[in-house]
Amino acid sequence: MRAAHADEDLMNNARSEAAERILAAALRLFAEKGYERTTISDIQAAAGLSRGSGALYKHYHSKEALLVAIVDRYVAAAKSAQSALADLELPPREGLAWIGRQVLQMMAERRNELRIFWRDLEQFPELQQRVREGVMQATYRGMAVWLDRQSRLGRLKTKDSRAASAVLVGSLAMFRAFEALWGERAIDVADQDFLAAWRDFAEKLLGLERLPPRTKRVQRK
């Protein structure tokens, strides 16, 4: 199988409105039907183009090029989030809350991509490696680096930042991945309740003691 690379013009220039419609249609159909079962004619019809017209090829030279573009966009979004994590200057509690929200939000917005990556990328080893290294492994490493920095500053305690990262990121990822892959949640828990439990667990894992609740002053008469 030939190496999968995105067209240079698609990588370096903004896509046209038609190209965006085609990409959105391909993303939805790949997620719903699977990559193999989706045809170029299907994508053209879903994008509002005439079946068999070949209009899609003005923007993407093949069905595989559409899959590459989907991967490129996901990896770019992940790198942006990883850069934000690297620059995160919030204290540990606020930082953990931000990380939890961001991971769940991004994965919720990318449900279709997750279904495609887990189901269809085995036949595209180069793309699979890009997602594995550029999204999954890079996110775990970024979390470990953040934990290390917070530990050096004396803001939290962790014996093994990589192990802690695996636990914290892994739990967030699997909560959302199950929903994306199976169309339902592994357990009926709302996002806010899951995040609250996740933060409680994370703070205990990292030695962050909760401040005692404020006591109301009794006014003397």
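The values are calculated or read from the model by the stated rules, or taken from the named source; none is laboratory data. It should be emphasised that the depicted structure is a prediction, and the values quoted were computed from it without experimental measurement. Note: ideal-geometry Cβ built from the backbone for every residue, glycine included; neighbour counts use all protein chains shown. Surface accessibility is based on the protein's heavy atoms, side chains included, excluding ligands, DNA and RNA. Shrake-Rupley method; radii C 1.70, N 1.55, O 1.52, S 1.80 Å.
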Open item on the list: Against the conditions (1) within 14 Å of the chain's Cα centre (by Cα); (2) modelled with pLDDT of 95 or more, where does residue 108 fall short? Just the number, please.
Closed with: (2)
Task: Extreme residue, most open to solvent (accessible area, probe 1.4 Å), among residues of the range 125-155 that are in contact (Cβ under 8 Å) with a residue 60 or more places away in the chain and under 16 Å from residue 107 (Cα atoms) - done: 139
Open item on the list: When the residues of the range 101-116 are narrowed to those that are more than 20 Å from residue 69 (Cβ to Cβ) and not charged (D, E, K, R), which ends up most open to solvent (accessible area, probe 1.4 Å)?
Closed with: 105
Open item on the list: Tell me yes or no: at least one residue of the range 132-148 is over 14 Å from the mean Cα position of the chain (by Cα), more than 18 Å from residue 174 (Cα to Cα) and not in a helix (DSSP H, G or I).
Closed with: no
Open item on the list: Every residue in the range 149-160 that is part of a helix (DSSP H, G or I) and charged (D, E, K, R), please.
Closed with: 149, 152
TODO: Give the residue that is modelled with the lowest pLDDT, with candidates limited to residues of the range 49-96 that are open to solvent by 70 Å² or more (accessible area, probe 1.4 Å) and assigned to a loop (DSSP other than H, G, I, E, B).
DONE: 51
TODO: Please go through the range 169-182 and pick out each residue that is open to solvent by less than 50 Å² (accessible area, probe 1.4 Å) and touching a residue at least 40 places away in the same chain (Cβ under 8 Å).
DONE: 169, 172, 173, 175, 176, 177, 179, 180
- [ ] Can you work out which of the residues in the range 157-168 that are closer than 22 Å to residue 87 by Cα and modelled with pLDDT under 95 is most open to solvent (accessible area, probe 1.4 Å)?
- [x] 157
